[in-house]
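Below is one structure; the comments refer to it alone.
Every read-out reported here was derived from the displayed coordinates using simple, explicitly stated rules and does not represent laboratory data. Remember, predicted model here, so these are calculated numbers, not experimental data. Here the Cβ is made from the backbone with ideal geometry for all residues, glycine too, and neighbour counts use every protein chain on show.
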């Protein structure tokens, strides 16, 4: 089976788990931006953070940046961890192989340019983390906390849906989180039959009007 066929087969297998595991492939229409537009210093990232800040009525740019990266990691890392758990072909989610689009109505949408395999999560995410930090000043530890939160959420969904066993999901999570800077960004909490996780940073959602703390937040419930 070719590389293209293996990646497509893995994406098809994962997409039925939940909407966050759906990752389409192919060049979209001209309203979408290339993944590299996140990195090249153009207005794409700046304008998107402005739109998010306006939508959620926050003057804190780091909050808008965190919300953007939460969506970015959820859309890309759920299918990525699924590929690991299902022992499939892990897709290339580096910016050079992505298209993305943000609107207040639909939120963030992402898709692959080509169905090819790629490197690990950290290598794929480092350029985006660096670009978001330059634009917003948000802490790197917070962004990596968002990444592990999205990955743990994907593993929890797989276990709860029956797509994989809790034991397999925890084993894959432990392996993926062994690499810095994912290492130390959070930890799995022993809980029978469940993928329970607590991160070590806060995503700042509580800073929004009407916001609160998430289920894996280290802060007291608000």
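Side notes on the structure shown:
- Residue among 141, 137, 184, 173 that alone is within 21 Å of residue 82 (Cα to Cα) and either surrounded by fewer than 21 Cβ atoms within 10 Å (Cβ to Cβ) or in contact (Cβ under 8 Å) with a residue 40 or more places away in the chain (or both): 173
- The number of residues in the stretch 5-57 being closer than 24 Å to residue 158 by Cα and surrounded by fewer than 19 Cβ atoms within 10 Å (Cβ to Cβ) comes to 13.
- Within the stretch 184-194, the residues that satisfy the criterion of being farther than 17 Å from residue 122 by Cα and assigned to a loop (DSSP other than H, G, I, E, B) are 190, 191, 192, 193, 194.
- Screening the stretch 104-127 for residues that are without any contact (Cβ under 8 Å) to a residue 12 or more places away in the chain and over 14 Å from the mean Cα position of the chain (by Cα) and picking the one that is surrounded by the fewest Cβ atoms within 10 Å (Cβ to Cβ) gives 105.
- A count restricted to the stretch 209-222 and to residues that are in contact (Cβ under 8 Å) with a residue 24 or more places away in the chain, touching a helix residue (DSSP H, G or I) at 6+ places or on another chain (Cβ under 7 Å) and within 22 Å of residue 61 (Cβ to Cβ) stands at 1.
- The residues in the stretch 1-22 that are in contact with a helix residue (DSSP H, G or I) (Cβ under 6 Å, 6 or more places away or on another chain) and not in a helix (DSSP H, G or I) can be counted, and the count is 3.
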